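Step one of this worksheet: look at the structure below.
Read-outs throughout are calculated quantities, based only on the coordinates presented, and are distinct from any laboratory measurement. Please read all numbers here as calculations on a predicted model, not as lab measurements. Because the Cβ atoms are built from the backbone with ideal geometry, glycine has one as well, and the counts that use them run over all protein chains shown.
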DNA sequence: ATAATTGTTATACTATTAATATAACAGTTA
DNA sequence: TAACTGTTATATTAATAGTATAACAATTAT
């Protein structure tokens, strides 16, 4: 699991870490049940504080992406990530709304927008048939 | 221009204000050249500080959505919002990426995702044909 | 049994951001 | 002259991000 952080970004480090773990799961590089480095090991690897890693891990656990056993360490959720419910869909819509509004203002057509999304979905598609 | 703020949200107030102005432009409720309330009037209207409004206005100006004349006040860009360039598209992709990754993890299909986007594009479509 | 490692918790500190509160300035308009 | 425009400056409060140590309890390896 290679993590690449941008310390100049205004996106918080723990958020970048969260996103890359989630992307790893979506890309199926991280399989259900697979272990992740301990908070200290991960922190040392990428050169940040263990509390920053812990914050990311705690939120990933809270959101169902990983499990944390006191003994076994950190593990990608063996049952898979919980399916989206209505609250997830609502949050997704609320996040998309300003993106689409700006796109409309700037002349990005629905077709182009959709094509852009599809391209990213393909990045996560891996012999799934 | 009705503004609706959620003071409990973790989305900053000035960001909420920005988004609603942009949505108003996308929805064509705010036409090019149309005036917006002065920073003080807007602040009094929605019950926030004038600096918070000013911050939103400055960023909207910086991003090409509005113009601010010392005399004429605040006006929706009469030339229309500048078209998206490559940097806009890159930012859009970067913002969409974690959304799509999480959607993939949670079993939201590309079809559902695209349908969700299309629904929002329709919200902004107004006898444009 | 000892040592090392695990997640977890607590405390403290710095820096940045969000938001508010006054106040003032310079130019425009009524 | 008075009221209003955007703008700037200064100060304060609260919250968040990130780091730095330190310790505890439980497990694992030597």
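Taking the Cα atoms only, what angle lies between the long axis of helix B:13-26 and the longest principal axis of chain B, rounded to 10 degrees?
Taking Cα atoms only, the helix is inclined about 80 degrees.
If one takes the longest principal axis of the Cα atoms in chain B, at what angle in degrees, from 0 to 90 and to the nearest 10, does the Cα axis of helix B:86-105 lie?
With rounding to tens, the tilt is 50 degrees.
Can you give the FRET efficiency to the nearest 0.05 for residue A:83 and residue A:5, using r as the Cβ-Cβ distance and R₀ = 25 Å? Could the numbers behind the result be given before it?
Working: r = 30 Å, r/R0 = 1.19.
The calculated FRET efficiency here is 0.25.
Can you list, largest first and rounded to whole Å, the semi-axes you get for segment B:1-62 by taking the square root of 5 times each eigenvalue of its Cα gyration tensor?
Numbers: eigenvalues 62, 36, 24 Å².
The equivalent ellipsoid of segment B:1-62 has semi-axes of 18, 13, 11 Å.
222 nm [θ] for chain A, helices only, -39500 (n - 2.57) per DSSP H run of 4+, per residue, to 500? Working shown, then result.
Working: 5 runs with 70 residues, N = 129.
Rounded to the nearest 500, it is -17500 deg cm²/dmol.
Tell me, how many Å apart are the Cα centres for segment B:79-126 and for segment A:35-91?
Here the two parts' Cα centres lie 26 Å apart.
For residue A:67, place a label point 7 Å out from Cα along the Cα→Cβ vector, do the same in each other copy, and report the separations in nm, one decimal, smallest first.
Values, ascending and in nm: 6.2.
So, in nm, how far is label residue B:118 from label residue B:40 when the simple model puts each one 7 Å beyond its Cα toward the Cβ?
Using points 7 Å along Cα→Cβ, the separation is 5.0 nm.
Tell me the distances, shortest first, between residue A:44 and the same position across the other copies, using label points 7 Å along Cα→Cβ, in nm to one decimal.
6.3
Which distances, in nm and shortest first, link the residue A:12 label point to the same label point in every other copy, taking 7 Å along Cα→Cβ?
Counterpart label points of residue A:12 in the remaining copies fall at 1.4 nm.
Along the axis that rotates chain A into chain B, which residue of chain A has the nearest beta-carbon, and what is the gap in whole Å?
Smallest Cβ distance to the axis, with its residue: A:114, 3.
With the calculation restricted to Cα positions, what are the radius of gyration and Dmax of the protein assembly as shown in angstrom?
Values for the protein assembly as shown (Cα only, Rg and Dmax): 20.9, 68 Å.
To the nearest µm²/s, what D does Stokes-Einstein give for chain B at 4 °C and 1.567 mPa s, using the Kirkwood radius over alpha carbon pairs as Rh?
Details: Rh = 16.6 Å.
So the translational diffusion coefficient is about 78 µm²/s.
How do B:38-49, A:92-103, B:97-108, B:61-72 rank on mean C-beta neighbours within 10 Å, highest first? Please list the in-between numbers first.
On the way: B:38-49: 15.2, A:92-103: 19.4, B:97-108: 21.2, B:61-72: 13.3.
Listed from highest to lowest mean packing, they are B:97-108, A:92-103, B:38-49, B:61-72.
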